[in-house]
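Written out below as structure tokens is the structure these notes cover.
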There are 2 protein chains.
Amino acid sequence: MPARVTTLKELAAQLGLSITTVSRALAGHEQIALKTRQRVTEAAHQAGYVPNTAARTLVSGRSGFVGMVLPIRGPNLVDSFLGEFVTGLGEGLVSHGSDLILAAAAQGQSELSVLRHVVESGRADGVVVTRIAEVDERLAYLRHRNFPFVAHGRLLDGDFAYHWLDTDGAHAFGEAFDMLYDLGHRHFGLVTISEPMTFRHLRQDGLAAAIARRGDPSVRLDVATAPRFDRGARIQAINRLLHATERPTAIVALFDELALTVMEEAGRAGLAIPRDLSVIGFDNIAASAYAPPGLTTFDASIRRCAREIGEMLLTVIGDRPDSPLTRLVRPTLVSRASHGPAPTGRN
Amino acid sequence: MPARVTTLKELAAQLGLSITTVSRALAGHEQIALKTRQRVTEAAHQAGYVPNTAARTLVSGRSGFVGMVLPIRGPNLVDSFLGEFVTGLGEGLVSHGSDLILAAAAQGQSELSVLRHVVESGRADGVVVTRIAEVDERLAYLRHRNFPFVAHGRLLDGDFAYHWLDTDGAHAFGEAFDMLYDLGHRHFGLVTISEPMTFRHLRQDGLAAAIARRGDPSVRLDVATAPRFDRGARIQAINRLLHATERPTAIVALFDELALTVMEEAGRAGLAIPRDLSVIGFDNIAASAYAPPGLTTFDASIRRCAREIGEMLLTVIGDRPDSPLTRLVRPTLVSRASHGPAPTGRN
DNA sequence: CGCGCCATTTAAAACGTTTGCAATTTCGCT
DNA sequence: AGCGAAATTGCAAACGTTTTAAATGGCGCG
């Protein structure tokens, strides 16, 4: 029946009350007589009244939205976590009735400009920023604007305070090293990317720190680097590692996609995993369970993290705490079949 | 510097013009002198002016948002397409500067109630509805409300007109049958789900139609059904198929996740793929490329479809066409190594 | 009976924008 | 210089809500 939306004015007219009273009754103000409150609530429910978001936002200055810039990459590249992340964020927000706004950046439009638009148009009360870069203009902007946000990931230098949640990649990579070392490995490979993302450093440093901690001079680490989205270069870098005169017996990859490529290329080179080569990844993407022989990796539980990020952001928006909320989540080892004892004979 | 947001009033004051003129100048109205328009545009750019969404929405009745209900399932179940879908949708919307609103349904809250809230709060100008059920209350509601929407998927009975885009599962399943038939297969298995989703019927009917078209009475089809998210039941159903006294030589799965389970269980039963059993899936999820020996499947190109859905929805919102926009996208066969000639000896 | 106090309700402004209509300015022409 | 039309600009209302400040009514008490 109702092709139109009910408004407060209509509801008030129907009830013979003023708009003010109806508004207050629905908000549950004590000052309105209980009987009236009940009567109004009942009528509102009856009429299927839903307050208009725009009007409410305009007057209150709060939109009830949380924003995020949608990472759009090349034609066939989809952020592999996006689904999980968005689901988790939704879970985190739903308790407060906040919705999520996803703003896409058009081709050639910087992510910053989209972020600015989201912030300055008043679309959102706070934003989530993911994939922190070494020098991150988004963070600089948000700080400067003093706009509520929570970062998924961290900057390297702690020169300004902000709210963040990060997975403890450093710890995981240390754990990977220790495990492999105890399995007899001494010659390691690290496959990483060349983009200036901070998680790259955090993880690599965690590995280096674990090596240093062990204090065994016979440990050797070779690093292969390639651009994140250049499959050719990636394969080339990996094969340099694989076909060196002295080949590592264990390769740790910055994340699963790289590890899967390592396994593929290893297979192509006639190396059996884990007999000839141990491989460990990070993230635990769906394919890792299926790729033979099953990739040992760390589960970053993106969904749970995103949920927590959502909750943190709601706190930040509501309470504006002046000391930063921070949270380091330790990823859990998912032990599958891609790692094992170091090969004993020569390679 | 600007911790506050610039408003039209401030801009007007600064320029010595009325709010009206500034508003019109920025909107590019011809009636405002060109020189003024330029001056205003320049000043607005300088000040980093971004119009307030809420105010604009309130007066224009258009929010510039497109809504979608975020499917939240059990703890570890994430809609495997969500990332791709959302990315595609974002791509489709970005040209018109529309953003995407994702509203999550809290535990125990029906998807319909969330949808109602999105629609009636005026948050969105149109919505996208995915995973159409046989009897879909969301579609019924939207029609009744006469609210712009585009469905990803179709109802079975065409009793009311609406805008949709669907992947032609019927065609794909027919194609799969034809291919397998030509490889000598006569005994088929279909693994499907018990939930009342329409795509289930469309695909199964496509398969049945292809069988009928062939007119070979020796063709046999066994169907195994299990609830979508009940892994145990799924495995059981598949194994009933696999361990029947007369086992199918080719199994077609409703979608890749099922096909992957079929391959796992086949491996567990000592069957070699594709020597002993051919398996074909649908969707082409990431894991399908990695799961040995590589799953033959159909690529639904979710991202491209979602993008088109976004574009369709913008058309619907803008033009309110009275004849329905419909689009059937033919999925493409991704031929990997999980299918082959029917085994010749007895099984 | 009148005063004041409390409980309850309401009028009106405000949020920032768009837009119908009216006012003002400019300019050509006589 | 003066007129009228065209070009340009501005006033004010409207969108639906929240909120401040004020009004109204009821009632006890002196």
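General remarks:
- Local electrostatic count, residue A:69, Cβ distance below 9 Å [Lys/Arg +1, Asp/Glu -1]: 0
- Cβ-based charge dipole, chain A, positive-most Cα from A:206, A:110, A:194: A:110
- Kirkwood's formula applied to the C-alpha pairs of the stretch A:100-159 gives a hydrodynamic radius of 12.1 angstrom.
- Between the stretch B:55-95 and the stretch A:161-226, the Cα center-to-center distance that results, in Å: 37 Å
- Square roots of 5 times each gyration tensor eigenvalue, C-alpha, the stretch A:225-335, largest first, Å: 36, 15, 11
- Residues whose amide H falls under 5 Å from that of residue A:136, counting only those 5 or more places apart or on a different chain, are absent, with hydrogens built in the peptide plane.
- Extension gain, residue B:33 to residue B:344, is 103.6 nm, computed as 0.36 nm per intervening residue step minus the present C-alpha separation.
- Given +1 at the Cβ of Lys and Arg, -1 at the Cβ of Asp and Glu and no other charges, the dipole of chain A around its Cα centre is 640 debye to the nearest 20.
- With Cα atoms as the point set, the radius of gyration and Dmax of the protein assembly as shown evaluate to 28.4, 92 Å.
- Compared with the dominant Cα axis of chain B, that is its longest principal axis, helix B:82-94 is turned about 40°.
- Residues along the stretch A:1-43 losing 20 Å² or more of accessible surface when the other protein chains are present rather than the chain by itself (probe 1.4 Å): A:1, A:2, A:3, A:5
- Residues B:9, A:35 ordered from highest to lowest accessible area at a 1.4 Å probe: A:35, B:9.
- Entry for chain B at q = 0.06, 0.08, 0.10, 0.12 Å⁻¹: log10 I(q)/I(0) = -0.32, -0.51, -0.71, -0.90, Debye formula applied to identical alpha-carbon scatterers, no solvent contribution.
- FRET efficiency, residue B:156 to residue B:178 (Cβ-Cβ, R0 30 Å, nearest 0.05): 0.80
- Computed over neighbours whose Cβ is under 9 Å from that of residue B:173, the net charge equals -1, Lys and Arg +1, Asp and Glu -1.
- Under 9 Å, Cβ to Cβ, from residue A:112 - net charge with Lys/Arg +1 and Asp/Glu -1: 0
- Solution diffusion estimate, µm²/s, Stokes-Einstein, the stretch B:8-51, Kirkwood Rh from C-alpha pairs, 37 °C, viscosity 0.692 mPa s: 331 µm²/s
- 7 Å along Cα→Cβ, label-point gaps from residue B:195 to other copies, nm, shortest first: 3.1
- Top of A:85, A:229, A:173 by mean-square fluctuation, Gaussian network on chain A, Cα under 10 Å: A:229
- Within the same chain, lysines fewer than 8 places from residue B:9 are excluded, and of the rest, those with a Cα less than 24 Å from its Cα are B:35.
- For the stretch A:77-199, the calculated P(r), taken from all Cα-Cα distances in 10 Å bins from zero up to the bin holding the longest distance, is 10, 34, 33, 15, 7, 1 percent.
- Chain A: angle of helix A:231-242 to the longest principal axis, Cα-based, in degrees nearest 10: 40 degrees
- For the protein assembly as shown, the carbon plus sulfur part of the accessible surface works out to 51%, probe radius 1.4 Å.
- Signed unit charges on C-beta, dipole axis of chain A, positive-most listed residue A:58, A:321, A:170: A:58
- Accessible surface buried by the A/B pair amounts to about 4500 Å², both sides summed, 1.4 Å probe.
- Interface residues, the stretch B:282-296 - accessible area loss of 40 Å² or more versus chain alone, probe 1.4 Å: B:287, B:290
- Chain B: calculated mean residue ellipticity at 222 nm from DSSP helix runs of at least 4, using -39500 (n - 2.57): -13500 deg cm²/dmol
- Fully extended contour minus Cα-Cα distance, from residue B:60 to residue B:212, at 0.36 nm per residue: 49.2 nm
- Simple Cβ-charge dipole of the stretch B:169-299, Lys/Arg +1 and Asp/Glu -1, about Cα centre, in debye nearest 20: 300 debye
- Surface/4 estimate of mean projected area, convex hull on alpha-carbon atoms of the stretch B:169-299, nm²: 7.3 nm²
- Label distances, nm, residue A:34 versus same residue in remaining copies, Cβ-directed 7 Å point: 7.2
- Accessible area per residue for chain B, computed on protein heavy atoms with a 1.4 Å probe, is 44 Å².
- Using a Förster distance of 60 Å, the FRET efficiency for residue A:195-residue B:319 (Cβ separation, nearest 0.05): 0.90
- Starting from the label point of residue A:270 at 7 Å along Cα→Cβ, the same points in the other copies fall at 3.2 nm, in ascending order.
The values are calculated or read from the model by the stated rules, or taken from the named source; none is laboratory data. Because the structure is a prediction, the values reported are computed rather than measured. Neighbour counts are summed over all protein chains in view; Cβ atoms, including those assigned to glycine, are modelled from backbone coordinates with ideal geometry. These accessible areas exclude ligands, DNA and RNA; they are computed on the full protein's heavy atoms, side chains included. Shrake-Rupley method; radii C 1.70, N 1.55, O 1.52, S 1.80 Å.
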